[in-house]
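The values are calculated or read from the model by the stated rules, or taken from the named source; none is laboratory data. Values in this document were obtained by computation on a predicted structure and should not be read as measured data. When we count neighbours, we look across all protein chains shown, and the Cβ atoms used for this are built from the backbone with ideal geometry, even at glycine. Ligands, DNA and RNA are excluded from the accessible area calculation, which covers all protein heavy atoms including side chains. Shrake-Rupley method; radii C 1.70, N 1.55, O 1.52, S 1.80 Å.
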Amino acid sequence: MTHIDILADLNSEDETGFVWTFLDEADDPAVIRPGAVVVAGTPLTPAVCEVIDLIDKPAGTVVHLRVLPGTLDEYRRLLARAGV
Amino acid sequence: MTEPQRDELRQRVRDDEQPPAAARVVIRGGPDTLSLLRAHARRLWRSYQLDGQPVYGISVFVALDDIGPASERGILTVKLQSYPSVYCCTVAAVTAAGFELLATFSRPHFTIVLPDLDSVGSLAAMFGELLVNPYAGRGEEQR
């Protein structure tokens, strides 16, 4: 099962055009900082994403994510080629 | 204890846009489970209200154009490029199932409004089987 840094519905965009979710859905909120590259989505639909920003709202801190190109499998193969 | 203030989703509806034709394709990256659909619907409920009432909803994309970013291919290639699998149905199927389809935020994003969390079962049945997204990833290998 893929570890997910932050749960999100990668179909869900808001007025920014980015995917959004709540910071309290992160496994470790300290990881979720602007510019960080994280695994987001669900265990069934993980994707590599860039954290764009964190916005405080009355309902909680909203995290905006940019879904980076490629599937997680492609990143796995990249790391294998790189010998990481 | 008072509930947190929610943003008004109606203010994010593209009301200057014609409703999509019945035959237009509705697309959502998957797979989903009923549990995941409930979690996604709750996220919208936590953050938004519709006409002053908390609202459950699920995000989808509608292929509004024949070419370009809001076309079926554009959605599968860009918006849903991280999803090897997708669900597809038509606008007619959404309305026939009794759901409201709201044009929310930026095109071609839409929200399927759910009357309650139990209706995720009907939503999943409406979408049916997963389909392959032939445009997932960036073509590192032949698909």
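So, in segment B:1-45, how many residues would count as being part of a strand (DSSP E or B) and either over 28 Å from A:Thr42 (Cα atoms) or over 14 Å from the mean Cα position of the chain (by Cα) (or both)?
Step one: list which residues in segment B:1-45 are part of a strand (DSSP E or B), which gives B:7-8, B:13, B:25-30.
Now drop any that are not either over 28 Å from A:Thr42 (Cα atoms) or over 14 Å from the mean Cα position of the chain (by Cα) (or both), which leaves B:7-8.
Here the count works out to 2.
Please pick out the residue among A:Arg81, A:Arg66 that is over 27 Å from B:Gln49 (Cα atoms) and open to solvent by 30 Å² or more (accessible area, probe 1.4 Å). Walk me through how you get there before you give the answer.
On the way: A:Arg66 fails: over 27 Å from B:Gln49 (Cα atoms).
On inspection, the qualifying residue turns out to be A:Arg81.
Any idea which of (1) at pLDDT below 95; (2) at negative phi is the one A:Glu13 doesn't satisfy? Among (1) at pLDDT below 95; (2) at negative phi, A:Glu13 violates only (1).
So that you can scan it fast, the table gives a plain yes or no per residue for (1) open to solvent by 60 Å² or more (accessible area, probe 1.4 Å); (2) out of contact with any His (no Cβ under 9 Å at 6 or more places or on another chain); (3) touching a residue at least 24 places away in the same chain (Cβ under 8 Å):
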{"position": "B:His40", "(1), (2), (3)": "no, yes, no"}
{"position": "B:Val60", "(1), (2), (3)": "no, no, yes"}
{"position": "B:Ile75", "(1), (2), (3)": "no, yes, yes"}
{"position": "B:Leu80", "(1), (2), (3)": "no, yes, yes"}
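Can you confirm whether A:Thr45 is of a type in the set (Ser, Thr, Tyr), open to solvent by less than 60 Å² (accessible area, probe 1.4 Å) and within 27 Å of B:Glu3 (Cα to Cα)? Lay out the reasoning, then the answer.
Working: of a type in the set (Ser, Thr, Tyr): yes; open to solvent by less than 60 Å² (accessible area, probe 1.4 Å): yes; within 27 Å of B:Glu3 (Cα to Cα): no.
Judged against the criteria, A:Thr45 is not a match.
Evaluate segment A:65-77: report whether one residue or more is of a type in the set (D, E, K, R), in contact with a strand residue (DSSP E or B) (Cβ under 8 Å, 6 or more places away or on another chain) and farther than 23 Å from B:Thr77 by Cβ. Within segment A:65-77, not a single residue is of a type in the set (D, E, K, R), in contact with a strand residue (DSSP E or B) (Cβ under 8 Å, 6 or more places away or on another chain) and farther than 23 Å from B:Thr77 by Cβ.
So, of the residues in segment B:10-35 that are within 10 Å of chain A (Cβ to nearest Cβ) and either out of contact with any Asp or Glu (no Cβ under 8 Å at 6 or more places or on another chain) or among the hydroxyl-bearing types (Ser, Thr, Tyr) (or both), which turns out to be surrounded by the most Cβ atoms within 10 Å (Cβ to Cβ)? Full working, then the answer.
So in segment B:10-35, the residues within 10 Å of chain A (Cβ to nearest Cβ) come out as B:11-12, B:27-33, B:35.
Now narrow it down to the ones that are either out of contact with any Asp or Glu (no Cβ under 8 Å at 6 or more places or on another chain) or among the hydroxyl-bearing types (Ser, Thr, Tyr) (or both): B:11, B:28-33, B:35.
Working: B:Gln11: 10, B:Arg28: 24, B:Gly29: 29, B:Gly30: 25, B:Pro31: 15, B:Asp32: 25, B:Thr33: 14, B:Ser35: 10.
In this case the residue turns out to be B:Gly29.
Name the residue that is surrounded by the most Cβ atoms within 10 Å (Cβ to Cβ), counting only residues in segment A:1-35 that are in contact with a Cys (Cβ under 9 Å, 6 or more places away or on another chain) and of a type in the set (A, V, I, L, M). If you could, list the steps in order and put the result at the bottom.
If we filter segment A:1-35 for residues that are in contact with a Cys (Cβ under 9 Å, 6 or more places away or on another chain), which is where we start, we get A:5-6, A:8, A:10, A:19.
Still in the list and also of a type in the set (A, V, I, L, M): A:6, A:8, A:10, A:19.
On the way: A:Ile6: 24, A:Ala8: 27, A:Leu10: 22, A:Val19: 24.
Restricting to residues being in contact with a Cys (Cβ under 9 Å, 6 or more places away or on another chain) and of a type in the set (A, V, I, L, M), the top hit is A:Ala8.
Look at A:Ala80 and say whether it is more than 24 Å from B:Arg6 (Cβ to Cβ) and either among the hydroxyl-bearing types (Ser, Thr, Tyr) or in contact (Cβ under 8 Å) with a residue 24 or more places away in the chain (or both). No, not satisfied.
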